[in-house]
Protein chains: 2
Amino acid sequence: MENVKVALWGFGAMGSGMAKVLLGRKGVEIIGVCDMHPERAGRSIFDILNVEKGNRMDVIVQSNIEDVLTEKGCDICICATDSFTKNAFPKLKFALEKKVNVISTAEEMSYPQAQNTELSKELDRIAKENGVSILGTGINPGLIMDLLVVCLTGCMTDVKHIEAKRVNSLSPFGPAVMEEQGVGLTVEDFNKGVESGKLAGHVGFAESVRMIGDAIGFNVDKFEQQMSPIVTKVDRKAPYGFAAAGDVAGVNMIGQGYVDGEVKIDMIHPQQIEPEMEGTYTGDYITIKGTPEVSMSIKPEVDGGLGTIAMCVNMIPHVINADPGLKTMIDLPVPRAIMGDYRDFIKR
Amino acid sequence: MENVKVALWGFGAMGSGMAKVLLGRKGVEIIGVCDMHPERAGRSIFDILNVEKGNRMDVIVQSNIEDVLTEKGCDICICATDSFTKNAFPKLKFALEKKVNVISTAEEMSYPQAQNTELSKELDRIAKENGVSILGTGINPGLIMDLLVVCLTGCMTDVKHIEAKRVNSLSPFGPAVMEEQGVGLTVEDFNKGVESGKLAGHVGFAESVRMIGDAIGFNVDKFEQQMSPIVTKVDRKAPYGFAAAGDVAGVNMIGQGYVDGEVKIDMIHPQQIEPEMEGTYTGDYITIKGTPEVSMSIKPEVDGGLGTIAMCVNMIPHVINADPGLKTMIDLPVPRAIMGDYRDFIKR
């Protein structure tokens with residue numbers, strides 16, 4: 001059997017991280033990479049990744065996707081370029097129309113039914129017309145604050161209230177994330193950034209809440225979210241960020257899913273640099289009230305970058321095996337690490 | 001759309017518990033119950049359960065399955081009668097040949113490929129011939145020490161070693177469980193019971209280990225398990241069991257899955273009455289070494305009885321929706337509580 005053939009669209013931290021993992025796996029190969037960034041376009045991926053090419057074919061990063069994706073030229077394309085469905089849509093459509101399965105890292109694509117009903121129907125239609133499937137996934141949304149919650153309700157006969165809490169450190173992230181999350185800003189500048197929409201905070205609550213609701217049969221009729229600065233009392237310093245005492249060390253995002261006028265799903269997601277300096281310990285926590293009650297914790301939290309890379313490369317077989325159409329994490333079998341030969345996981 | 005129609009084969013603690021949950025749900029009805037126990041056969045389930053019949057049709061417990069299962073007479077039969085595939089097999093075959101989907105609570109049926117290769121092929125063949133599907137599930141095996149492990153590996157790019165540990169209390173269980181697990185025996189009698197095979201301990205390690213291995217691509221070439229008494233230093237008293245100091249308060253089961261001569265999967269499952277009396281606190285723990293490491297805990301442990309009841313009633317739609325054949329938890333979408341109308345979860 002031939003190797004599973006993967007194209008990567010976007011070769012930033014996520015795309016290049018996936019490439020590194022895939023190069024270490026059996027029965028799978030990278031057949032092309034597209035990235036327009038001048039530091040990457042035109043270079044060999046082995047050079048960029050600092051990985052021995054060995055007897056593999058070389059792969060040169062292309063700036064034009066037409067040079068990477070041809071009709072049925074690969075089994076799947078992982079599109080790691082956007083956070084929002086609207087921005088990702090033209091790329092996803094292009095790949096699907098090449099009759100190639102697609103995985104998107106766009107947070108909103110984890111459950112595009114939530115905020116992009118029309119585009120999600122359109123993607124489902126295009127995928128079906130071309131006999132392929134498309135999935136949005138990542139660590140969160142994609143697993144920690146949604147699929148894992150759903151999975152844990154499986155051992156319950158009654159669910160009254162769900163709280164999903166992810167407390168993570170921003171310290172390992174680079175300057176882009178520091179800026180996006182407002183690390184180091186004064187409280188005044190942070191609030192201005194929120195008002196102007198410049199500071200987006202975490203993207204995905206609306207999708208996670210709707211995914212949980214649809215999965216278990218909670219009719220979520222209202223969703224709200226709030227964003228506030230985490231103000232530090234001490235100077236905090238991370239490799240790429242600094243927050244002076246009195247300034248912003250990160251963002252606290254909270255969200256609520258209402259069922260029949262009552263909050264049944266609470267999302268809590270504070271992200272900051274050096275949380276331990278003020279006694280905050282990172283972790284993922286799911287508390288579900290009902291019968292029986294389930295109180296889960298993962299300490300420390302699952303690493304966001306590695307987790308997203310893993311979810312994408314691990315879902316490849318499930319997406320290839322799926323019936324045509326738009327899929328979400330609640331439609332497919334549970335995610336799993338693919339430690340064996342990728343070809344063994346493909347149903348032909 | 002008509003209600004989802006369920007038959008229950010076995011109306012002990014599990015079967016009657018499922019009935020109680022189903023009677024509280026929408027879009028689903030119990031069309032028949034089979035149980036030969038003289039205290040139950042011939043009686044109304046509403047009488048046995050002490051639940052108001054309201055305007056529902058009465059359901060009388062039948063001692064003969066022929067009076068319950070007719071060809072396509074219901075959508076699914078939950079068979080809660082056995083622990084071992086060999087013993088359950090004739091019943092499962094009977095139900096499948098009535099063109100009825102099946103859920104089995106038999107621990108070995110959670111992954112019959114592990115120890116009953118021929119019977120599992122036979123069940124797959126019979127199910128396919130009759131256009132229905134069959135699944136074995138429960139809290140453990142079924143979720144805690146296998147499917148949940150698999151799900152958590154989904155966020156990992158590399159898995160080096162898995163430890164699944166379930167520390168639970170036997171105190172809520174009745175006299176049958178006390179006897180099965182050897183509670184109150186002297187160490188000598190316990191060891192005799194193990195030698196003679198009278199004390200089985202936990203059933204399901206072989207299935208859980210093989211399920212994990214197959215899911216992630218670990219070729220488990222050897223499996224071993226050991227069983228030892230948990231000897232108490234103090235008198236311990238539970239509603240249905242008593243262990244004097246120096247005697248047996250429960251069973252510690254451990255198991256190992258080998259990959260290429262190395263233990264890659266460790267299963268640890270001590271079960272005892274009143275564990276807190278000697279400082280043991282119950283919980284479910286999954287520790288996966290690799291990239292990134294994942295350390296999960298659920299404290300206290302998920303209640304075994306309620307958990308098994310929930311897993312069975314919650315998997316009903318997935319089993320009805322599945323392609324024909326023998327299915328396992330790693331083939332189907334993630335379990336989830338069914339809080340809405342059952343009919344909304346069925347793909348027709």
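Quick notes
- Threshold 50 Å², segment B:310-348 residues less accessible with all protein chains present than alone (1.4 Å probe): B:V334, B:R336, B:A337, B:M339
- Charge dipole (Cα centre; +1 on Lys/Arg Cβ, -1 on Asp/Glu Cβ; no other charges) of chain B amounts to roughly 860 debye.
- 16 Å Cα-Cα reach of B:K98 towards aspartates and glutamates, excluding residues that sit fewer than 8 places from it in its own chain: B:E66, B:D67, B:E71, B:D75, B:E122, B:D124, B:E129
- The A:T186 and A:D331 beta-carbon pair, evaluated with R₀ = 41 Å, returns a calculated FRET efficiency of approximately 0.35.
- DSSP-defined beta bridges in chain B - what % are antiparallel, rounded to 5: 60
- Cα-based Lys proximity count in segment B:147-302, under 28 Å, for pairs eight or more positions apart or on separate chains: 25
- Within a Gaussian network of chain B (alpha carbon springs, distance under 10 Å), most fluctuating of B:Q226, B:Q271, B:Q113: B:Q226
- Per residue, segment A:1-121 exposes an accessible area of 46 Å² to a 1.4 Å probe, with every protein chain left in place.
- Remark: C-alpha extents of segment A:6-158 on the principal axes read 55, 32, 28 Å, sorted largest to smallest.
- Distance from segment A:185-216 to segment B:209-252 (C-alpha centre basis), Å: 46
- Relative packing of peptides A:331-344, A:92-105 - highest average C-beta neighbours within 10 Å first: A:92-105, A:331-344
- Of A:D146, B:D260, the order by accessible heavy-atom surface (1.4 Å probe, DNA, RNA and ligands excluded), from most exposed downward, is B:D260, A:D146.
- Label-to-label distance for B:V234 and A:S44 is 6.8 nm, based on points extended 7 Å past Cα in the beta-carbon direction.
- Residues of segment B:114-153 that bury at least 50 Å² of accessible area when the other protein chains are present, relative to the chain alone (probe 1.4 Å, heavy atoms, ligands and nucleic acids excluded): B:C151.
- Of all accessible heavy-atom area on the protein assembly as shown, the percent that carbon and sulfur account for (1.4 Å): 47
- Listed by chain and number, the lysines whose alpha-carbon sits under 22 Å from that of A:K99, ignoring those within fewer than 8 places in the same chain, are A:K5, A:K72, A:K86, A:K91, A:K121, A:K128, A:K327, A:K347.
- Diffusion coefficient, µm² s⁻¹, Stokes-Einstein with Kirkwood Rh over alpha-carbon pairs of the protein assembly as shown at 4 °C and 1.567 mPa s: 49
- Charge dipole magnitude, Cβ of K and R +1, D and E -1 - the protein assembly as shown, Cα centre, debye nearest 20: 1020
- Percent antiparallel among DSSP beta bridges (both partners in the protein assembly as shown, rounded to 5): 60
- Degrees between helix B:85-97 axis and first principal axis of chain B (Cα, 0 to 90, nearest 10): 20
- Ordering B:Q271, B:G325, B:G257 by the projection of their Cα atoms onto the charge dipole of segment B:203-348, which places +1 on the Cβ of Lys and Arg and -1 on the Cβ of Asp and Glu, puts B:G325 at the extreme positive end.
- Across segment A:332-348, rounded Karplus estimates of 3J(HN,Hα) from the backbone phi angles (6.51 cos²θ - 1.76 cosθ + 1.60, θ = phi - 60°) give 9, x, 4, x, 7, 5, 9, 8, x, 6, 3, 5, 5, 9, 9, 8, 9 Hz, Gly and Pro being marked x.
- For B:T70, label point 7 Å along C-beta direction: distances to other copies, nm: 6.2
- Shortest-first nm distances, B:G24 label point to equivalent points in other copies (7 Å, Cα→Cβ): 4.6
- Size of electric dipole in segment A:147-302: Cβ of Lys, Arg +1 and of Asp, Glu -1, about Cα centre, debye, nearest 20: 180
- Listed residue (A:N219, A:T186, A:V302) projecting farthest to the positive dipole end of segment A:147-302, Cβ model: A:V302
- Accessible area per residue (1.4 Å probe, heavy atoms of protein chains only) ranks B:S83, A:S120, B:S196 as B:S196, B:S83, A:S120, with the largest value leading.
- Antiparallel beta bridges, as assigned by DSSP with both residues in segment A:147-302, represent about 85 percent of the total such bridges.
- Rounded to the nearest 100, the interface formed by chains A and B buries 3700 square angstrom of accessible surface, both chains summed, with a 1.4 Å probe.
- Accessible solvent surface per residue of segment A:147-302, calculated while the other protein chains remain in place, 1.4 angstrom probe, Å²: 40
- Mean projected area in nm² (Cα convex hull; one quarter of hull surface) for segment A:147-302: 9.3
- Label points for A:D266 are taken 7 Å from Cα along Cα→Cβ. From this copy to the others they lie 3.6 nm apart, shortest first.
- Pairwise centroid distance, computed over Cα atoms, of segment A:47-73 with segment B:27-54, Å: 64
- For chain A, the longest principal axis of the alpha carbon atoms and the long axis of helix A:117-129 meet at an angle near 20°.
The values are calculated or read from the model by the stated rules, or taken from the named source; none is laboratory data. Bear in mind that the values here come from a model prediction, so they are computed numbers and not experimental data. Glycine also receives a Cβ, built like all others from the backbone with ideal geometry; neighbour counts cover every protein chain displayed. The protein model used for the area step is the full one, side chains on, heavy atoms only, and it has no ligands, DNA or RNA in it. Shrake-Rupley method; radii C 1.70, N 1.55, O 1.52, S 1.80 Å.
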